[in-house]
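J.: Below is the structure I would like to discuss, written out as structure tokens.
Nothing in this text is a laboratory measurement; each read-out follows from the coordinates by a stated rule. Small disclaimer: the values here were computed from a predicted structure and weren't measured. Backbone-built Cβ (ideal geometry, glycine too); neighbour counts: all protein chains shown.
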Amino acid sequence: MNTKLKRLRKYLRKFNWYMQHIRWNRVAIVLIIFVAAVVGFAKLVEKEQAERRRIELEWIREQEAAERAYEAEVQAEKDRWAEIEAWDDLQVAKEGEARELTSRDIEEMDYWGELELLALVVEAEAGNQDLTGKRLVVDVVLNRVDCPLFPNTITEVLEQENQFTTMWNGAVEKAAWNMQDSDYAAVMLEVTGQRLDTEIMYFTAGGYNESCTPAYIHGDHYFGYLSKAAQKEVVELNNKK
């Protein structure tokens, strides 16, 4: 009986030891698995962060390369324009050395500038009129230049106060965008000696100028000569010359 109890106790001690051993092994295994999972997750996160940093660095390098390429392109364009400007300056300098403008050159430039201004006024005043109507407007200006009662240049006649309203109401500036061949033709026909009327001094729309002698109507304009008093004054001025 004692022998059997001893054997039973022996088996129980072995069983308890075995069970305790297994329990601690399970805990150890769980801990190992947990640590491995944490380490693996950390490595995965680190790998993803490294990949993200690599992509970001590549994007930054691409942007920097694109910016350098753009700056190089801009600088090349600036250099090209600088070369063109330098070439133009050189050509101008050479032309200046070869030939300086004379007073006659300047007068000719002024003359053509005045004709250009006159063409602008023709478009502003008579852009919707036929060629004859435009030529008559030119005649009024040229006849005033020839008359001692008015200024003796086209520009001064056009800029005379209270005369050509298109010179100061913005119509001439707008006319620059709507120029017609007939505007220039009217000017050139009259300045080359083919003046239609060497006597008319006024034109208005809607009625004759109160200070003129009525002449005729063409298109939308009423043309007029000098008044008799003005004609007498012209004769007196001409006799004094």
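J.: Under the rule of at least 5 residues apart or a separate chain, name every residue whose amide H is placed under 5 Å from the amide H of residue 218.
T.: Result for residue 218 returns 223.
J.: For the residues 197, 181, 130, what sequence is obtained by ranking on other C-beta atoms within 10 Å, fewest first?
T.: Placing the least packed residue first, the sequence is 181, 130, 197.
J.: Lys and Arg at +1, Asp and Glu at -1: add these up for the other residues within a Cβ distance under 13 Å of residue 143 and post the number.
T.: Charge balance in the 13 Å sphere: -2.
J.: Can I ask one more? So how much slack lies between residue 217 and residue 177, counting 0.36 nm per residue of separation and subtracting their Cα-Cα distance, in nm?
T.: Full-extension gain reported as 11.6 nm.
J.: Report the gain in length on full extension from residue 108 to residue 159: 0.36 nm times residue separation, minus Cα-Cα distance, nm rounded to one decimal.
T.: 16.3 nm
J.: Each label point is 7 Å from the Cα along the Cα-to-Cβ direction; what then is the distance between the points at residue 231 and residue 56, in nm?
T.: 9.6 nm
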